[in-house]
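Below is one structure; the comments refer to it alone.
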């Protein structure tokens, strides 16, 4: 996997580079700001771009805007956004494009899980931080169609949004995979989303639906 890293904190940028290198991946380029990130990505054509959501010069949303432009110009490239705090304003718009991840920076400390998430995004999947998912889905627990979900179905929905497969959800909840399949089927039925054998499309459909609910 070829990776481009954009992170203004030198220690974290170098740490990410070492982490990917130790994991057997190639760091094609490393940048301290987002100003030439789009051009860098166009030149190196990596499998994955890891970018801080807040970058110089204004430290607002340069990283997020660069991520959106990269996905628009190169939809096949995975983009993993890192953030110090939960900021969902860009998350919904980006996640519906596919091949996107949004993790809080402290998730990097769980090296194996972080690399798994990065590789999943590079393959076109999704990886959302559980805290981000909770914010996306938890704006009003009793509003709209989401209120029809049981607590367990809601739990399954959140794990689906994180990008976990049915097997991964079963392992997390310590239940059988068949039980998870039943919950997933119920969730998709209650949310009026056609079932699909493509897990990635399933996650994107759920998040797209939830994003529409947030706009209501």
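Where a number appears in this text, it was derived from the coordinates with a stated rule and is not lab data. Not measured: the values here are computed from a predicted model. When we count neighbours, we look across all protein chains shown, and the Cβ atoms used for this are built from the backbone with ideal geometry, even at glycine.
Before moving on, here are some points about what is shown:
- Residue 26-residue 104 pseudo-label distance in nm [points 7 Å out on the Cα-to-Cβ vector]: 3.5 nm
- The gain in end-to-end length when the residue 151 to residue 14 segment is fully stretched comes to 45.2 nm, 0.36 nm per residue minus the alpha carbon separation.
- Protection proxy ranking, highest mean first, for peptides 29-36, 2-9: 2-9, 29-36, where packing is the per-residue count of other beta-carbon atoms within 10 Å, averaged.
- A simple spin-label model places the labels of residue 84 and residue 44 2.4 nm from each other, with each point 7 Å out along Cα-to-Cβ.
- Computed on the Cα trace of segment 2-129, the radius of gyration divided by the Kirkwood hydrodynamic radius gives Rg/Rh = 0.91.
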